[in-house]
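A short write-up of the structure that comes next.
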Amino acid sequence: LAKTTQPISMDSYEGQEVNITCSHNNIATNDYITWYQQFPSQGPRFIIQGYKTKVTNEVASLFIPADRKSSTLSLPRVSLSDTAVYYCLVGDTGSGAGSYQLTFGKGTKLSVIP
Amino acid sequence: EAQVTQNPRYLITVTGKKLTVTCSQNMNHEYMSWYRQDPGLGLRQIYYSMNVEVTDKGDVPEGYKVSRKEKRNFPLILESPSPNQTSLYFCASSLRQGTYNEQFFGPGTRLTVL
């Protein structure tokens, strides 16, 4: 599994756009990039996934440069309710042989300030 | 409603008293796993199962057992709990193994071992 590196924490004011970058230098050809959001005392929930370029849904956008060695989760105009931990995961569909552990790591703790 | 359920949600026990935390999913998912979450350490995988009767160790399996006799159930067993197993535990499931597949998390079980 590709190792990922994210900032431990970020602060933002309400209404601002927040960008959280994840580094994954040894990403494999078949790997996808998936982001999860976790509110306090709840399990993580899937928010967005991509393979290359840009993906957008109702919650966030995901930007992936051509070399795919990093990715950026973008949250537009954050509110207090976006305060959460955000996890970046990199891995494939699981169709090949090998270990199928999942590594969430410590994630990025986003604090939105009024 | 598609969901992952865990029981109990809260448990206080004493050192050495065997306990089982149940996990059940109603989505016919093949992949199930257990995580523990501790302050500053993030989300760490304990055990995972790729299908019935197929289980394997995650990052922190010591002191835990699991079984997968039915597709929908994946109980976590602590044969002799110790205070260092005090933690917040999450069960998760996905259609198949692989980071590509969305993980669905249960509500969590907060365990305190005295």
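The values are calculated or read from the model by the stated rules, or taken from the named source; none is laboratory data. Worth saying up front: this structure is predicted, and the values here are computed from it rather than measured. FYI the Cβ positions are ideal-geometry reconstructions off the backbone, even for glycines, and counts take in every protein chain you see.
Whether any residue in the range A:11-25 is closer than 24 Å to B:R96 by Cα and not acidic (D, E) is what I want to check. First the steps, then the outcome.
Looking only at the range A:11-25, we keep the residues that are closer than 24 Å to B:R96 by Cα, and these are A:24.
Checking the rest, the ones that are also not acidic (D, E) come to A:24.
Yes: the range A:11-25 contains one or more residues that are closer than 24 Å to B:R96 by Cα and not acidic (D, E).
Of all residues being among the charged types (D, E, K, R) and at the interface with chain A (Cβ under 8 Å from one of its Cβ atoms) in the range B:47-64, which is farthest from A:T108 (Cα to Cα)? Just the residue, please. Let's see the steps before the verdict.
The initial filter retains those residues of the range B:47-64 that are among the charged types (D, E, K, R), namely B:53, B:56-57, B:59, B:62.
Imposing the further condition that a residue be at the interface with chain A (Cβ under 8 Å from one of its Cβ atoms) reduces the set to B:56, B:59.
Working: B:D56: 28, B:D59: 20 Å.
By that ranking, first place goes to B:D56.
State the number of residues belonging to the range B:4-18 that are in a loop (DSSP other than H, G, I, E, B) and within 11 Å of another protein chain (Cβ to nearest Cβ). Can you show your working first?
Going residue by residue through the range B:4-18, those that are in a loop (DSSP other than H, G, I, E, B) are B:8-9, B:14-18.
Those left that are additionally within 11 Å of another protein chain (Cβ to nearest Cβ): B:9.
Qualifying residue count for the region: 1.
Applying the selection to the range B:9-30, what residues are of a type in the set (A, V, I, L, M) and surrounded by 12 or more Cβ atoms within 10 Å (Cβ to Cβ)? Quick ask: steps written out before the conclusion?
Of the range B:9-30, the ones of a type in the set (A, V, I, L, M) are B:11-12, B:14, B:19, B:21, B:27.
B:L11, B:L19, B:V21, B:M27, listed by residue number.
Step by step: first the residues of the range A:1-34, then only those that are within 13 Å of A:V90 (Cβ to Cβ) and aliphatic (A, V, I, L, M), then the one that is surrounded by the fewest Cβ atoms within 10 Å (Cβ to Cβ). Which residue is that?
Across the range A:1-34, the extreme among qualifying residues is A:A28.
From the list B:S93, B:S67, B:S80, which one is surrounded by 15 or more Cβ atoms within 10 Å (Cβ to Cβ), at pLDDT 95 or above and either closer than 13 Å to B:V21 by Cα or away from chain A (no Cβ under 14 Å) (or both)? So that I can check it myself, show each step before the final result.
Numbers: B:S93 fails: either closer than 13 Å to B:V21 by Cα or away from chain A (no Cβ under 14 Å) (or both); B:S80 fails: surrounded by 15 or more Cβ atoms within 10 Å (Cβ to Cβ).
B:S67 is the lone residue from the list that is surrounded by 15 or more Cβ atoms within 10 Å (Cβ to Cβ), at pLDDT 95 or above and either closer than 13 Å to B:V21 by Cα or away from chain A (no Cβ under 14 Å) (or both).
Quick test of your reading of the structure: A:K106 fulfils all but one of (1) buried (at least 21 other Cβ atoms within 10 Å of the Cβ); (2) within 11 Å of chain B (Cβ to nearest Cβ). Name the failing condition by number.
(1)
If I go through the range B:23-46 residue by residue, how many of them are more than 12 Å from B:S87 (Cα to Cα), facing chain A (nearest Cβ under 10 Å) and under 11 Å from the mean Cα position of the chain (by Cα)?
2
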